[in-house]
1. Looking at 77, 114, can you tell me which residue is part of a loop (DSSP other than H, G, I, E, B) and farther than 25 Å from residue 187 by Cα?
2. Got a sec? Which of 238, 204 is acidic (Asp, Glu), under 11 Å from the mean Cα position of the chain (by Cα) and under 21 Å from residue 130 (Cβ atoms)?
3. Scan the stretch 118-130 for residues that are closer than 18 Å to residue 104 by Cα and either of a type in the set (A, V, I, L, M, F, W, C) or more than 8 Å from the ligand (Cβ to nearest atom) (or both) and jot them down.
4. Going through 229, 223 one at a time, which residue ends up being within 23 Å of residue 144 (Cβ to Cβ) and in a helix (DSSP H, G or I)?
5. So residue 186 clears everything in (1) in a helix (DSSP H, G or I); (2) within 13 Å of the ligand (Cβ to nearest atom) except one condition, right? Which one?
6. Can you name every residue in the stretch 243-283 that is assigned to a loop (DSSP other than H, G, I, E, B) and in contact with a strand residue (DSSP E or B) (Cβ under 8 Å, 6 or more places away or on another chain)?
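Derivation of every value follows stated rules applied to the coordinates shown; laboratory data play no part. In this text, all values refer to a predicted model and were calculated from it rather than measured experimentally. Here the Cβ is made from the backbone with ideal geometry for all residues, glycine too, and neighbour counts use every protein chain on show.
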Amino acid sequence: MLVYTCAIMRNISQPIKTMHPMTLIRKLKPGRCYKLAKNVFLDLRYLVKTYASFHTIVLYIAGRMNNDRITRLYLPRQSAFIDAKSALSLSTDWFTHHIPQWFSVFDAYRLLDRSQVKVLEIGSWEGLSSYFILHALPDATLTCVDTWEGADEHKSGRYATQEMLSNVEQAFDRNLSTFKGRLVKYKGTSYSFFNTAQPDQRFDLIYVDGSHHCHDVMIDAIKCFEMLKVGGVLIFDDYLWRYYPDFIDNPAAAINLFLKLKKGSYKIVRVYYQMIIEKIDDR
Ligand SMILES: C[S@@+](CC[C@H](N)C(=O)[O-])C[C@H]1O[C@@H](n2cnc3c(N)ncnc32)[C@H](O)[C@@H]1O
């Protein structure tokens, strides 16, 4: 087990490995260090309670150690997008902080070089992540699936007001109006979309960010994986989000069980707050 952990760490945590231990200790300020250790501990406990595999847990730890190194390169492109999004009507932003990770995946999978990239998004809200996809991938077409009625966390009033909910679809339409030719809008639940979609429809990139209840996430995971091309990338948002009091009602439980079910058909690309996988086999 230890050898396995070390092998993964050696592959992806070079800067920390080569740092002298005393330099590392000096760099970590005690208050920050305590907070970081506490967060990592809570995440690890959560991952264990939601059936994460040992491999996933190791990749999560490696991700924590490497996040800064991976994303640093993409911060200028994130800043450029922040300027571009200032023209949008937004009441919330649940996406911009993921942009460096997304760019690193776009580069690793050469999504910018692929022609006619097909993207599916489950859960678009006011269209910020949709806008980013169409802005960053100029040759892409995007299918957005949403009820535009909000999910449990919005309807409960915890993450949105009634006023925000009543404006969300209008904001989406306004924000995406410049991309009309490359956008397909489907209004309804993801479940109804899967039932009406063409059986042979396949996508290069799929973003799952709709309902966060584990039952819905499980259906989204299975159906989206089916609709993903081999070599395509599937991104789950809110992998580590704890909203429902019972841990197993949250996205992680569904994602971890889905990963067990499909073992051998995917490669985990990145584990942090989001879970990013590549489909390697059509099973
Ligand atoms: C967190 S928001 C999406 C945020 C968006 N991806 C972004 O980053 O800006 C979740 C969205 O999922 C939608 N939603 C909730 N349950 C759904 C379902 N069963 N099928 C489709 N969409 C759903 C909600 O209406 C809401 O707009």
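1. Values: 77 fails: part of a loop (DSSP other than H, G, I, E, B).
Of 77, 114, the one residue that is part of a loop (DSSP other than H, G, I, E, B) and farther than 25 Å from residue 187 by Cα is 114.
2. Details: 204 fails: under 11 Å from the mean Cα position of the chain (by Cα).
Just one listed residue meets the conditions, 238.
3. Here is the first cut: in the stretch 118-130, the residues closer than 18 Å to residue 104 by Cα are 119, 129-130.
119 - this is the single residue of the stretch 118-130 that is closer than 18 Å to residue 104 by Cα and either of a type in the set (A, V, I, L, M, F, W, C) or more than 8 Å from the ligand (Cβ to nearest atom) (or both).
4. Values: 229 fails: in a helix (DSSP H, G or I).
Only one candidate qualifies: 223.
5. Answer for residue 186: the failing condition is (1).
6. From the stretch 243-283, those assigned to a loop (DSSP other than H, G, I, E, B) are 243-246, 250, 262-265, 272-274, 280-283; that's our starting set.
265, 274, 280, 281, 282, listed by residue number.
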